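One structure below.
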Amino acid sequence: MSVSDDSVILFEEGVIGVPRARRFELLQHSGSALRVLKCLDIEGFNLPVVDPSKVDPGYRPKLAERVTQILDATSDQLLLLAVTALGPDGATANLKAPVVVNVARRTAVQVILDGEYALRAPVDLAGLKNDLT
Amino acid sequence: MLMLTRKPGESIVIGNNIRITIVSASPSSIKLGFEAPPDVSIYREELHREIVEANRAALGLAAELDHEETR
């Protein structure tokens, strides 16, 4: 994994279910279109993430006021990342609980969205990889 | 676990700035109202658990990516 940006992103609340996972680096995975949030607090706690608009081109969730307030930014200044997992039927992205990053301030929060969003949206990893080339 | 009995319309205060109110109750369910600062997240437990599990599943893919790279 190569370091694309060595500054630390702080999740003030940790990620959902793991409050002590607070400091992460966002790395580009060399072999795919995925990036990886590598935790600096817990060894091996690494979350692959994908640009959710690559999974659902119409993905523009409305963020609760509490999210824009915590991150001190308006919705259009925030970077959205979908946590990606490998299930029995291939890779899936979590569009229900994206990671929201204020890139300028290096702060982030994982939120659970209101409304109908897929918890396991299928991701075509091979297709994404081809997009890069 | 602390247990308190409350009636509809009554509340419970947690700390200085969280209030939970019993809005209504029926034999099969109760409706709760929450007042809390914006930095406090409030979720139904089953949804929260699903997200925790999705995060955990992601760790497996990360391990696999690592493995790919070292090959």
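Compared with the direct C-alpha span, the chain from A:E65 to A:Q77 gains 2.9 nm at full extension, assuming 0.36 nm per residue.
Which residue fluctuates most in the GNM of chain B (Cα springs below 10 Å): B:S11, B:S26, B:S41? For chain B, modelled as a Gaussian network with Cα springs under 10 Å, the answer is B:S26.
Across the range A:10-133, the relative contact order, built from alpha-carbon pairs under 8 Å that are at least six residues apart, equals 23 percent.
Largest GNM mean-square fluctuation across A:T107, A:T84, A:T74, computed for chain A with C-alpha springs under 10 Å, falls on A:T74.
Size descriptors for the range A:1-68 (Cα atoms only): Rg and Dmax, in that order, 13.4, 37 Å.
For chain A, a Gaussian network of Cα nodes joined below 10 Å ranks A:L71, A:L47, A:L63 by mean-square fluctuation, and the top entry is A:L63.
For the cross-link pairs A:K38/B:K31; A:K54/B:K31; A:K96/B:K31, the ones whose C-alpha atoms lie over 32 Å apart are A:K38/B:K31; A:K54/B:K31. With +1 assigned to the C-beta of every Lys and Arg and -1 to the C-beta of every Asp and Glu, and no other charges, what is the dipole magnitude of the range A:18-133 about the Cα centre in debye, to the nearest 20? For the range A:18-133, the charge dipole is close to 300 debye. Rounded, prolate or oblate: which fits the range A:1-120 when a ≥ b ≥ c are the square roots of the eigenvalues of the alpha-carbon gyration tensor, with rounded for a/c under 1.5 and prolate only if a/b beats b/c? It is rounded, given that a/c, with a ≥ b ≥ c, falls under 1.5. Calculated [222 nm] ellipticity per residue, helices only, for chain A: -3500 deg cm²/dmol; basis is -39500 (n - 2.57) per DSSP H run with n ≥ 4, divided by all residues, nearest 500.
Heavy-atom accessible area for B:K7, with the other protein chains in place and a 1.4 Å probe, reaches approximately 130 Å².
In chain B, the longest principal axis of the Cα atoms and the axis of helix B:45-70 are about 10 degrees apart.
Given DSSP loops and a limit of at most 14 other Cβ atoms within 10 Å, what is the longest stretch of chain A that contains no such GluC sites (Glu not before Pro)? Formally, the longest exposed-site-free interval is A:44-115. Placing +1 on the Cβ of every Lys and Arg and -1 on the Cβ of every Asp and Glu, with nothing else charged, gives the protein assembly as shown a dipole about its Cα centre of roughly 560 debye. Give the shape of the protein assembly as shown as rounded, prolate or oblate, defined through the alpha-carbon gyration tensor: a ≥ b ≥ c are the square roots of its eigenvalues, a/c under 1.5 means rounded, and otherwise the shape is prolate if a/b is larger than b/c and oblate if not. Judged from the Cα gyration tensor, the protein assembly as shown comes out prolate (a/c at least 1.5, a/b above b/c). Of the GluC sites (Glu not before Pro) in the range B:1-70, the ones in a loop by DSSP (not H, G, I, E or B) with at most 11 other beta carbons within 10 Å are B:E10. Just check the range A:63-133 against the gyration tensor rule for me: Cα atoms, a ≥ b ≥ c as the square roots of the eigenvalues, rounded for a/c under 1.5, and otherwise prolate or oblate depending on whether a/b exceeds b/c. Oblate, since a/c reaches 1.5 and b/c is not below a/b. Counting only heavy atoms of the protein chains and using a 1.4 Å probe, A:L10 has close to 50 Å² of accessible surface.
Sequence-distant contacts, meaning Cα pairs under 8 Å at least 6 residues apart, place the relative contact order of chain B at 17 percent.
The values are calculated or read from the model by the stated rules, or taken from the named source; none is laboratory data. Note that the coordinates shown come from a computational prediction; the quantities given were computed from them, not determined experimentally. Note that each Cβ is placed from the backbone with ideal geometry, even for glycine, and that neighbours are counted across all protein chains shown. Surface areas here come from the heavy atoms of the whole protein model, side chains and all, with no ligands, DNA or RNA. Shrake-Rupley method; radii C 1.70, N 1.55, O 1.52, S 1.80 Å.
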